[in-house]
Amino acid sequence: MNRNEVGENHGNVVQAHHVGSVHLTSPAPVPTALNGVRAASGSFVGRDPELASLDTTGLTVVCGLAGVGKTELVLRYAANFPGDKLFVDLQDYDDQRRVAPAQALEEFLIALGVREIPPTEAARAALFRSVTAEREPMLVVIDNARSAAHVRPLLPNKHRTIVTSRHRLTGLDDADHLELGVLPADEATSLVGDAEVAELCGRLPLALRIMAALRKSDPDHDWASELRDVDLDLLDDGDDRSVRAAFELSYRALTEEQRRCFRFAAMIPGLVVTSETAAVLAGGTEARARKLLRDLRTAHLLEPGDRLHDLVRVYAAERVSEEEDQETREQAVSRFFHHLADRAEQMSAALRTPKQAEALHWFDRHRPMFLLTALSAILMRHIREGGRLAWAVHDYLELRGLLHDLKMADQLALDAARNLGDPWMTARAQARLRDTGRYFTDDSR
């Protein structure tokens, strides 16, 4: 029989008289997620010179106006890249959904399989450079960047790195710059199938893809004439309004049920429009919402992954403002806040049951909207629901190691409790926030 005997204990050091057997185990390796870049649109055409120019080393900034196809170009290049890939969308042109460099670094490190994430941006950047220095050549894509300052912490010391932006980002001294213009006439015509329509769309890829879908849905319709009937200046002004007329045409082609789903999708905070949340807002079934979201993807009003393009979201919000009365909007938003808080509480309880995998899947799917929804609820005076949601996501965020989100959620829960004048909940929220603080150094607070 094996027998372990301990002699003297000197603090943290133990002296053993006799050791029968020792069993050493190491933690399971953390999975990596290095090839999750989505595919480019199936309607991608041309851009051969631009793709060839990307076939180099170092850092490149791909810049151009919104809708010109910067992201699609990089995704097409990424499809043929032989190594691992990291991708982050900074959403730097949207103040409400912007991804901070510290959060982007956290996502990169998690994808690289790092188990313990440092709390500060500087420490994460240093660890990211160190971890990537040891790897075979990779592709790092930083999408939708607005400033050089937001990009610099995300740059590895080596590896192919591509940044997309509506600005040139001249502050990135060592970068090559590829300015992406509209498509040449022949490629634009190939994409949309009609030379006149291509010119009326300003040969802007986003507008062309929408028109291609419309022409496919009704090939006998005179789309060029209808394009002339709308304010074509909006297609040519080179700003965020450049494709409003094309959006309007696509919207007109929807059924009323599809239009309503499109409008309500714009009310969902965060990036992803799920069938569950779309059904709650529109007041229908999830199965029907799933079908309607599929219709919106077909019409190119919803991107792969059920995301609204920035410009499409702006247009949808305008449609909500003009076509839905205030009472309807308030009722829909109230349903949404109540539902998400209820579901988060249910899934949080399930994390401690055999249904943990199902709960984690639900949380992962809806994660992009949690903090924005909790904040929106509090600001819109749905304080109790905002506080419930912020409280309910705590265990999930801690389990996933999403520490900055965790700290923000705990702060929102405390803000809600204080606004409600609830001393008991305020004390609990303060205690939880203090406990979360153990993950952070003094410099990160």
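Rule-based calculations on the coordinates, nothing more; no lab input. Here the structure is a predicted model, which is why all the values come from computation and not from measurement. No Cβ is skipped: glycine too gets one built from the backbone with ideal geometry, and neighbour counts run over all protein chains shown.
Spin-label model, Asp94/Ala133: points 7 Å from Cα along the beta carbon direction are separated by 3.6 nm. Farthest towards the positive end of the charge dipole of the chain, among the residues Leu183, Leu34, Ala149, is the Cα of Leu34, using unit charges on the Cβ of Lys, Arg, Asp and Glu. Computed from backbone phi, the HN-Hα couplings of segment 65-73 come to 6, 4, x, 7, x, 4, 5, 4, 4 Hz, rounded to whole numbers (Karplus: 6.51 cos²θ - 1.76 cosθ + 1.60, θ = phi - 60°; Gly and Pro given as x). Charge tally for Ser130 (other residues, Cβ to Cβ under 13 Å; Lys, Arg +1; Asp, Glu -1): +3.
Counting only Cβ charges, +1 for Lys and Arg and -1 for Asp and Glu, the dipole size of segment 293-351 around its Cα centre is about 340 debye.
I need the shape label for segment 326-444. Rule: rounded when a/c is under 1.5, else prolate if a/b > b/c, else oblate, with a, b, c from the alpha carbon gyration tensor. Here segment 326-444 falls in the oblate category. Each of His309, Pro368, Ala390 was scored by the projection of its Cα onto the charge dipole of the chain, and the greatest displacement toward the positive side belongs to Ala390; charges sit on the C-beta of Lys, Arg, Asp and Glu. Each Lys and Arg contributes +1 and each Asp and Glu -1, all at the Cβ; summed about the Cα centre of segment 48-179, the dipole is approximately 200 debye. Of the residues Tyr251, Gly270, Ala289, the one whose Cα sits farthest toward the positive end of the charge dipole of segment 216-323, with +1 on the Cβ of Lys and Arg and -1 on the Cβ of Asp and Glu, is Ala289.
By the beta-carbon count within 10 Å of each Cβ, the least crowded to most crowded order of Asp176, Asp84, fewest first, is Asp176, Asp84. For the chain, averaging the sequence separation of C-alpha pairs within contact (under 8 Å, six or more residues apart) and dividing by the residue count gives a relative contact order of 12 percent. Counting Lys and Arg as +1 and Asp and Glu as -1 over every other residue whose Cβ lies under 12 Å from the Cβ of Arg252, the net charge comes to -3. Computed about the Cα centre, the dipole magnitude for the chain is approximately 1620 debye when only Lys and Arg (+1) and Asp and Glu (-1) carry charge, each at its Cβ. Of the residues Ile110, Ile210, the one with the fewest other Cβ atoms within 10 Å heads the list, and the complete ranking is Ile110, Ile210.
Calculate, in nm to one decimal, what Thr328 and Glu345 gain on full extension: separation in residues at 0.36 nm each, minus their alpha carbon distance.
Details: separation 17, 0.36 × 17 = 6.12 nm, distance 2.61 nm.
Contour length minus the Cα-Cα distance gives 3.5 nm.
Pairs exceeding 27 Å between alpha-carbon atoms, taken from Lys70/Lys291; Lys85/Lys291; Lys216/Lys291: Lys70/Lys291; Lys85/Lys291. In the chain, the DSSP-assigned H stretches of four residues or longer account for a calculated mean residue ellipticity at 222 nm of -15500 deg cm²/dmol, using -39500 (n - 2.57) per stretch and the full residue count as denominator. Of the labelled figures (1) 30.6; (2) 27.8; (3) 23.6, only one reflects mean projected area of the Cα convex hull in nm² as derived from the coordinates, namely (2). Springs between Cα atoms under 10 Å define the GNM used for the chain, and in it the highest mean-square fluctuation of His339, His167, His221 occurs at His221.
Most tightly packed first, judged by the mean number of other beta-carbon atoms within 10 Å of their residues, the peptides 189-199, 383-393 read 383-393, 189-199. Taking the fewest neighbouring Cβ atoms within 10 Å as the starting point, the ordered list for Arg228, Arg76 is Arg228, Arg76.
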